[in-house]
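What follows is one structure encoded as structure tokens, with my remarks underneath.
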Amino acid sequence: MNKEQPVILAYDAVSPLGVDLESAWQRAIQGGSGIGPLTRFPLRLGFPVQIAGQVEEIDEAAFSFLNLRDMAHWTSPVFRHALLVVHRALEKSRIEISGDIAPRVAITFSSAIGGLDAVLSADRLLMAENKLPHPFTNPNSCINMVGGKISIMTGATGPITATITACATGATSMIIGALFLQQGMADVVICGAVDFPLVEPIVAGFATMNGAYRPKKGSEESPAQASRPFSVHRRGFVVSEGAACVILATKSFARTHGLPWALEMAGWSMTADAYHFVAPNPETVHRCIQESILHADIQPEDIESVNAHGTSTKVGDKVEAEALRRVFGNAIPPLAANKSQIGHAMGASSAIETVLALEGMMRGEILPTLNYVPDPEIPLDVVSDKAFAVQQEFLLKNAFGFGGCNACIVFHRNS
């Protein structure tokens, strides 16, 4: 067993802030928001959700690694965006997956929702015109097919799995990837997640379960003001979309191939709530945070910033804040909640937020949490209005998903 901490060789993301990571970061650091009017589908009269975090359309022809004839069959946007972030992250990592390396490259890249849009389109066509589904309809909807397409594109033939834990999927992907490395099952892992859930019944379903943001009657708030994690006037999450990839490797592989790194996965934990299908369990959320810090072999006071799950829901934000207070006492580190800028991209959210957090560690900055008005019931040191400059050796990332799936990771930057 390899007990060394996995190293992070590269990462990439697309989000409502931009399809290029550098431009997205610059927009984020300036306090920009990627949330705007929902235009992914025509809105019916009285449709309960009017805003979303949408990713800018990409021109597949601009990316030579995307075979246009092949991609014509893969209609769900999860495929082209997953392949895009993986391709760019591998380029940044300088890893060439040759025949001798391929069996030692694993894939844990996944999705919480997958290509349900393809099934919905086929169903509507069947009902309206009695046309049978396209042969690629079912493959588009298979969640594990995202990893399969990544394997085909990259040539990676190591272990492959789809780590589906709802909103914690991206973080879980990295934890399972780290376990593959430590168990000696791989030398490199392509981790990450993608979700494009702006599909009419899915968005409406989040509204009917009182999760998605709805404005107060008569209010005139702009879309950019809607997502407000930990704020006293929070009113639910803004549904969004995106993808992110993180390339993990063992230290020995990185050294052997002359690949530099500055970031490591220092510790992690996963817990199950065994409590409620959507409401979080304070005890197991607290334990997940605590165990990730213990696994990193550090003390709570060593954590210099927290990248929160922070969805903007009344109960979820309160439970997360209370768990942090139980771990850190009155010294909770500066906290950022990226969903205030990008909305909630479901399974991809923790992957995108991890990329933003890692970029912040490299640059010595914590992104702002927009629209924050302190809630007296959950006192926190929230970085609001503008970015905060601080060197971060250790950072805690929280991710909590429906069904009681909790995943927390401690990241370390080498000095």
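Quick note: the coordinates plus some simple rules give every number you see, no bench work behind them. Given the structure is predicted, the values throughout are model-derived calculations rather than measurements. Here the Cβ is made from the backbone with ideal geometry for all residues, glycine too, and neighbour counts use every protein chain on show.
Classify the chain from the C-alpha gyration tensor, please: rounded if a/c falls under 1.5, else prolate or oblate depending on whether a/b exceeds b/c.
The shape class here is oblate.
Can you tell me what share of the DSSP beta bridges in the chain is antiparallel? A percent to the nearest 5 is fine.
If we restrict to bridges inside the chain, about 75 percent are antiparallel.
Taking H placed 1.01 Å from N in the peptide plane, check which residues at least 5 places from V49 or on another chain put their amide H under 5 Å from its amide H.
Answer set, sorted by chain and number: none.
Among L17, L396, L45, which one shows the highest mean-square fluctuation when the chain is modelled as a Gaussian network with alpha-carbon springs under 10 Å?
Sorting by GNM fluctuation, first place goes to L45.
Given R₀ = 41 Å, what would the calculated FRET efficiency be for M362 paired with R326, taking r from the Cβ atoms and rounding to 0.05?
0.85
Could you put Y275, Y372 in order, starting from the residue whose Cβ has the fewest other Cβ atoms within 10 Å?
Exposure proxy ranking, most exposed first: Y275, Y372.
For segment 7-256, with the dipole built from +1 on Lys and Arg beta-carbon atoms and -1 on Asp and Glu ones, taken about the Cα centre, which of M185, W74, I58 lies farthest toward the positive end?
Farthest along the dipole direction, towards plus: M185.
With +1 on each Lys and Arg Cβ and -1 on each Asp and Glu Cβ, and nothing else charged, work out how big the dipole of the chain is about its Cα centre, in Debye to the nearest 20.
Charge dipole of the chain: 540 debye, to the nearest 20.
List, in order, the whole-Hz ³J(HN,Hα) value for each residue of segment 311-320 obtained from phi through the Karplus relation with A = 6.51, B = -1.76, C = 1.60 and θ = phi - 60°; use x for Gly and Pro.
Whole-Hz 3J(HN,Hα) from phi for segment 311-320: 8, 5, 8, 4, 6, x, 5, 5, 5, 4.
Compare K397, K131, K217 in a GNM of the chain, Cα atoms joined below 10 Å, and give the one with the largest fluctuation.
For the chain, modelled as a Gaussian network with Cα springs under 10 Å, the answer is K217.
Relative contact order for the chain: what is it in percent, counting Cα pairs under 8 Å that are at least 6 residues apart?
Relative contact order comes out at 23 percent.
Quick query: amide H of A106 versus all other amide H atoms, modeled in the peptide plane; which residues come in under 5 Å with a sequence gap of 5 or more or a different chain?
D187, V188, V189, I190
Which of F180, F136, F196 has the fewest other C-beta atoms within 10 Å, and how do the rest follow up to the most?
F136, F180, F196
Based solely on its DSSP helices, what 222 nm [θ] is calculated for the chain when runs of n ≥ 4 H residues each add -39,500 (n - 2.57) and the sum is averaged over all residues, nearest 500 deg cm²/dmol?
That comes out to -10000 deg cm²/dmol.
Which one of G316, Y372, F277 is farthest out on the positive end of the charge dipole of segment 265-413, using unit charges on Cβ (Lys, Arg +1; Asp, Glu -1) and the Cα centre as origin?
Of the listed residues, the answer is F277.
Most fluctuating residue of L126, L294, L83 in a GNM of the chain with Cα springs under 10 Å: which is it?
Its mean-square fluctuation being the largest, the pick is L126.
Which shape class applies to segment 265-413: rounded if a/c is under 1.5, otherwise prolate when a/b exceeds b/c and oblate if not, where a ≥ b ≥ c are the square roots of the Cα gyration tensor eigenvalues?
Because its axes are fairly even, with a/c under 1.5, segment 265-413 counts as rounded.
Taking +1 at the Cβ of each Lys and Arg and -1 at the Cβ of each Asp and Glu, which of L259, A224, A249 sits farthest along the dipole of segment 193-298 towards its positive end, judged by Cα position relative to the Cα centre?
A224
Mind listing the phi-derived Karplus ³J(HN,Hα) values for segment 17-29, rounded to whole Hz, using 6.51, -1.76 and 1.60 with θ = phi - 60°, and x for any glycine or proline?
7, x, 8, 10, 4, 5, 5, 5, 5, 4, 5, 5, 5
Can you give the longest run of the chain that contains no GluC sites (Glu not before Pro) sitting in a DSSP loop with at most 15 other Cβ atoms inside 10 Å?
In short, 222-376.
Around S384, which amide H atoms from residues at least 5 apart in sequence, or from another chain, sit under 5 Å from its own amide H, with H modelled in the peptide plane?
Amide H neighbours of S384: T369.
Short version: ³J(HN,Hα) in whole Hz for each residue of segment 244-257, in order, from phi by Karplus 6.51 cos²θ - 1.76 cosθ + 1.60 (θ = phi - 60°), x for Gly and Pro, what are they?
With the stated coefficients, segment 244-257 comes to 8, 10, 10, 9, 9, 8, 6, 5, 5, 5, 4, 5, 4, 9 Hz.
Counting other beta carbons within 10 Å of each Cβ, put R104, R325, R94 in order, fewest first.
R94, R325, R104
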